[in-house]
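Quick notes on the structure that follows.
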Amino acid sequence: MRRRAKSILAGRDSHVNPAGIPSPGVERNLRMDASGLLEVLRHESTEGFKRIAGSRVEGTLPIPGTAIARALREGLPRGGPVTAVDIALQAGNRAVLLLAIDRFPFPRTVELPLAIERSADTPEDAIDLQLMPGGLLRIVLPLVSSALNRPGVTFHGNRVRIVPREMLDRADDRAIAGLLRSIRLRTAPGTATLDFALEVPDA
């Protein structure tokens, strides 16, 4: 029987064993926060996910804009022309990327509007961002792609594709990311929400 653990942040309480795994053969919701779910999946990855084979996990993870901005800043190349970065999340899958640039003749600060837009060729486990054309985009795009260059992030013109599983360092986290079947990102002022689905193949 397929076991279903739905929503990491809300839902009915479930009966779980000490390892945090729903009782076999019972369809129920699993209530825990994101860090708790990650620890359970890391634990199960050591056994090849055998005890949760056939399970599907659907979750919703809120991400503060400040956390996204911090991750962007931490990945900036040292000594590069982009010295600081921030992001302002807006409603309706829109945001503004803010850059501080220290290279003549570029302006000292640049604001780049972007949109979260899926296309027909967007993989289910990826997120596509579209930098809106106009203004200084064409001039500063090489600086932006250099500043945000890191595993899992690729530029195709003014489209930015993010593949979360390619951004992970830990082997067990990569194994978990291999279970990812779909991922969606939506925004509200100051917050992004990540909707995802994981599936563990039947044993």
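The values are calculated or read from the model by the stated rules, or taken from the named source; none is laboratory data. Everything numeric here is computed off the predicted structure, so don't read it as measured data. Positions of Cβ are generated from backbone atoms using ideal geometry, with glycine treated the same way; all protein chains shown enter the neighbour counts.
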If we keep just the residues of the range 151-171 that are among the small types (G, A, S) and not assigned by TED's automatic domain parsing to the domain that holds S55, which is surrounded by the most Cβ atoms within 10 Å (Cβ to Cβ)?
G152
Any residue in the range 107-130 that is surrounded by 13 or more Cβ atoms within 10 Å (Cβ to Cβ), closer than 20 Å to G152 by Cβ, out of contact with any Leu (no Cβ under 9 Å at 6 or more places or on another chain) and among the acidic types (D, E)?
yes
If we scan the range 53-72, do we find a residue that is at pLDDT below 90, of a type in the set (K, R) and farther than 21 Å from R165 by Cα?
no
Would you tally the residues in the range 158-203 being in a strand (DSSP E or B) and either among the charged types (D, E, K, R) or under 19 Å from L89 (Cβ atoms) (or both)?
18
Return the residue satisfying two criteria in turn: it lies in the range 95-106 and is in contact (Cβ under 8 Å) with a residue 40 or more places away in the chain and within 16 Å of G79 (Cβ to Cβ), and of such residues it is nearest to the chain's Cα centre (by Cα).
L99
Kindly indicate whether any position in the range 52-61 is loosely packed, with under 15 Cβ neighbours inside 10 Å, closer than 19 Å to L194 by Cβ and acidic (D, E).
no
Out of R165, R108, R186, R181, sole residue that is at pLDDT 95 or above and either out of contact with any Gly (no Cβ under 7 Å at 6 or more places or on another chain) or closer than 27 Å to T60 by Cα (or both)
R186
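Checking the conditions here, which among G36, G92 is under 22 Å from the mean Cα position of the chain (by Cα), surrounded by fewer than 14 Cβ atoms within 10 Å (Cβ to Cβ), at pLDDT 90 or above and not in a strand (DSSP E or B)?
G92
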If R174 satisfies every condition in (1) of a type in the set (D, E, K, R); (2) exposed (fewer than 14 other Cβ atoms within 10 Å of the Cβ); (3) without any contact (Cβ under 8 Å) to a residue 40 or more places away in the chain; (4) not assigned by TED's automatic domain parsing to the domain that holds A95 but one, which is the exception?
(2)
Listed residues P189, P133; which is in contact (Cβ under 8 Å) with a residue 60 or more places away in the chain, closer than 27 Å to V82 by Cβ and out of contact with any Cys (no Cβ under 9 Å at 6 or more places or on another chain)?
P189
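In the range 59-86, what residues are in a loop (DSSP other than H, G, I, E, B) and either in contact with a strand residue (DSSP E or B) (Cβ under 8 Å, 6 or more places away or on another chain) or within 15 Å of E111 (Cα to Cα) (or both)?
G75, L76, P81
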Just a yes or no: is a residue in the range 21-31 closer than 22 Å to R186 by Cβ, at pLDDT below 50, not hydrophobic (A, V, I, L, M, F, W, C) and not in a loop (DSSP other than H, G, I, E, B)?
no
